[in-house]
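Peer 1: Below is one structure. I have some questions about it.
The values are calculated or read from the model by the stated rules, or taken from the named source; none is laboratory data. This structure is a prediction, so every number in the text was calculated from the model and none was measured. Cβ placement follows ideal geometry from the backbone for every residue including glycine, while neighbour counts extend to all protein chains displayed.
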């Protein structure tokens with residue numbers, strides 16, 4: 001099969017490699033669409049491991065083959081999922097290929113009214129948003145979870161989404177609109193964005209949008225300086241504890257990321273299974289809206305030249 005594979009010179013090229021076989025409790029997806037994430041470009045041009053690994057995270061397509069023990073899916077089912085492709089020191093293939101293998105319970109059923117292109121935007125970024133809201137901020141999610149929560153009893157709890165028109169920001173917004181307190185009150189949603197995107201966010205349900213480039217937008221408030229502009233997980237204030245993690249912890253395997261080991265955590269994997277079940281629960285449309293899509297011609301052959309160039313210029317919608 002053809003696949004985008006990391007190559008010498010801090011790049012990736014389309015190569016012919018063997019078609020992967022699904023193992024026990026795995027499915028093979030014939031890939032119809034992929035979505036580009038900044039990490040796909042970042043770790044192609046700054047590889048954390050030697051060349052020879054398939055690039056790419058988000059995929060959508062049809063189940064081509066099921067491995068032993070799989071009962072959730074059958075050939076022909078429309079699914080979306082994500083992989084850890086070439087983003088760390090782990091030897092795990094990615095999804096920018098004609099076929100990809102994923103664990104059966106880490107896939108999302110694509111509803112009838114959702115295209116492959118739309119579905120490909122969902123797996124990685126919606127999970128990242130959910131991890132932030134429902135694990136880190138300890139807000140009770142609209143689906144079962146292995147984590148415990150203290151019900152929010154405030155009359156009008158608020159959420160601020162910074163840079164809300166990024167792919168991640170839009171998924172945080174979609175999930176936030178579903179939140180309710182123990183008394184049934186909706187959350188108030190505030191956001192920052194460039195002025196050109198304010199009307200869009202107001203239409204999507206944000207109560208108030210501010211321009212994050214405007215120095216006076218807090219209106220007398222104080223912005224806490226947590227870390228310097230040069231990133232290091234230890235480069236924070238003495239009274240601030242940095243939390244270092246990655247969305248790939250949700251895959252339930254040890255993750256080597258930026259030369260650090262993040263051990264496998266069954267609870268995080270169970271969380272992924274539960275949100276993907278929830279996303280799969282409707283037959284016509286997803287419970288949250290996919291990101292807007294910009295279609296790019298050329299397939300695998302144009303990802304590095306066109307797609308990665310685009311992602312290096314902008315993190316904002318469309319996906």
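Peer 1: On the given criteria, is residue 88 touching a strand residue (DSSP E or B) at 6+ places or on another chain (Cβ under 7 Å), part of a loop (DSSP other than H, G, I, E, B), touching a residue at least 24 places away in the same chain (Cβ under 8 Å) and surrounded by 20 or more Cβ atoms within 10 Å (Cβ to Cβ)?
Peer 2: yes
Peer 1: Residue 64 - would you say it is under 27 Å from residue 16 (Cα atoms) and assigned to a helix (DSSP H, G or I)?
Peer 2: So residue 64 does not fit the description; no.
Peer 1: Just to be sure, is residue 50 under 22 Å from residue 254 (Cα atoms), surrounded by fewer than 20 Cβ atoms within 10 Å (Cβ to Cβ) and either in contact with a strand residue (DSSP E or B) (Cβ under 6 Å, 6 or more places away or on another chain) or not assigned by TED's automatic domain parsing to the domain that holds residue 302 (or both)?
Peer 2: So residue 50 fails the test.
Peer 1: Restricting to the stretch 184-237, give me the number of residues that are surrounded by fewer than 11 Cβ atoms within 10 Å (Cβ to Cβ), within 28 Å of residue 151 (Cβ to Cβ) and modelled with pLDDT of 75 or more.
Peer 2: Number satisfying all stated conditions: 1.
Peer 1: In the set 36, 83, which member is within 26 Å of residue 262 (Cβ to Cβ), touching a helix residue (DSSP H, G or I) at 6+ places or on another chain (Cβ under 7 Å) and touching a residue at least 12 places away in the same chain (Cβ under 8 Å)?
Peer 2: Residue meeting the stated conditions: 36.
Peer 1: For the stretch 12-44, how many residues meet the condition of being more than 20 Å from residue 82 (Cβ to Cβ) and either at pLDDT below 95 or surrounded by 15 or more Cβ atoms within 10 Å (Cβ to Cβ) (or both)?
Peer 2: Here the count works out to 3.
Peer 1: Residue check: is residue 318 within 20 Å of the chain's Cα centre (by Cα) and at pLDDT 75 or above?
Peer 2: It is false that residue 318 is within 20 Å of the chain's Cα centre (by Cα) and at pLDDT 75 or above.
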